[in-house]
Amino acid sequence: MLRIELTAAAGGQPGHGELTVHGWPGAADGLELSVLRNQDSLYLEAGGGWDSLPVWHAIDGLERRGELLAGRVGPWLVDPLVRDPKMVYRLQLRDAGQSDGGVLRIVGNILSSPAVGHPQPLNEQPRPEPVAAPPEPEPEPEPPAVEPEPIETPRPDRPLVAERDEEFRAAPAPQPRKPVRWLPLLLGLVLLLGIGLGAYWYFVLRPQTQTPVAAAPAPTPAPAAAAGGEANPCGETALEGVGDDLAFIQACLRSNPSSTQVLEVIDAAKQSRRCGVVQRLYAHKAQAGDAAIAFAYAREYDPQTFKAGSCVQSADAETAAYWYEIALANDPANADAKKRLEALKP
């Protein structure tokens, strides 16, 4: 069994990483690599997609460094692996004479190549855009010439004071101000607001009272709802009624089921051979911190408790140790998980 780790490449270049393989006894030439996604048993394709059939990728650049193989890998492998950090991957190495595999451990924060976009090369300086010359100010128009008004000289037969008195008497008297017309509108708005608040209190805030009807017997709950059948989106009845695995899993997880409910629906999914439901419920709840689910998932892979014919194809001590570690991280008092983890670790 191999111990495989992926760390960030030197310099932190996005989309690149350092792949380290512990325990490979063969040479570093002519190696091929397959990547299995544990949750849905799909294999990494050449274009970055996932397929149900195994796909082998020629891997160059690994070199022998003492007891391990190590080398730099690029976006073809790094980008699909770091796209979803909750996924668990199993890598298989082979050459012409032997084959071995193990669970991949992603160490540290590794960025994918699309995470930083496409930065501009350092040797190309941005060309300054031409700055348009400011428009010339339009000449301000010259103010029109104001002709001086003729000064009226007082006539000798009428004194100047008398003319001013006549002009004052001839000026119209100031009109009285019209009464303000917005006051009725304001009163109407206040009245409407009071009516709206009263209606809101009456229909919403007022305590609702109901007159009990003495002759009406108390309704009995429907058998399906009382038994937790169709009313439970994470039960066996709901599993049989929903054919789409993803739709059922989403509805089940939205109901925030308990660990007991999840284990019951996993057992039902095993009996109906809906292994996609089994793997995804196990992985999602275990990664979310459910110690009981992580412990049960570890026992599926543990060689001591593995059962043939289940949705897990074969026992895998390293995968079991991985889920035992998650169970202990969320429930340090689990003595069984601690004991099995010590037995499985090399």
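The values are calculated or read from the model by the stated rules, or taken from the named source; none is laboratory data. From a predicted model like this one, the values you see are computed outputs, not experimental measurements. We place every Cβ from the backbone using ideal geometry, glycine too, and count neighbours over all the protein chains shown. Note: accessible area is taken over every heavy atom of the protein model, side chains too, but ligands, DNA and RNA are not part of it. Shrake-Rupley method; radii C 1.70, N 1.55, O 1.52, S 1.80 Å.
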**Message:** With a 1.4 Å probe and all protein chains kept in place, how much accessible area does Arg3 have, in Å² rounded to the nearest 10?
**Reply:** 100
**Prompt:** Ranked from the most accessible area to the least, with a 1.4 Å probe and all protein chains present, what is the order of Asp245, Asp336?
**Reply:** Asp336, Asp245
**Fill in**
SASA check, Phe295, accessible area w/ 1.4 Å probe, all protein chains in place, rounded to nearest 10 Å², comes out at 40
**Request:** Can you pull the one-decimal nm distance between simple spin-label points at Glu18 and Ala308, each 7 Å off the Cα toward Cβ?
**Result:** 4.3
**Fill in**
Between Glu45 and residues 5 or more places away or on another chain, the pairs with built amide H atoms under 5 Å apart involve Trp50, Asp51
**Request:** Any chance you could look up the accessible area of Leu186 with a 1.4 Å probe, heavy atoms only, rounded to 10 Å²?
**Result:** 80
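For Lys338, Lys307, Lys285, Lys270, write out the residues from largest to smallest accessible area, computed with a 1.4 angstrom probe and no ligands counted. Let's see the in-between values first.
Numbers: Lys338 110, Lys307 155, Lys285 30, Lys270 50 Å².
From most accessible down to least: Lys307, Lys338, Lys270, Lys285.
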**Fill in**
Taking a label point 7 Å from the Cα of His57 along Cα-to-Cβ, the residues of region 83-100 whose backbone nitrogen sits under 18 Å from it are 83-95, 100
**Complete:** Compactness check, region 1-116: C-alpha Rg relative to the 2.2 N^0.38 Å globular estimate gives 0.99
**Prompt:** Could you give the dipole magnitude of region 296-346 about its Cα centre, charging the beta-carbon of Lys and Arg +1 and that of Asp and Glu -1, in debye to the nearest 20?
**Reply:** 120
**Prompt:** Can you list the HN-Hα couplings for region 14-31, worked out from phi with the Karplus curve (6.51, -1.76, 1.60; θ = phi - 60°), rounded to whole Hz and with x for Gly and Pro?
**Reply:** x, x, 10, x, 10, 9, 10, 10, 9, x, 7, x, x, 7, 9, 9, x, 8
**Request:** Any lysines with Cα under 30 Å of the Lys86 Cα? List them, leaving off those in the same chain fewer than 8 positions away.
**Result:** Lys270, Lys285, Lys307, Lys338, Lys339, Lys345
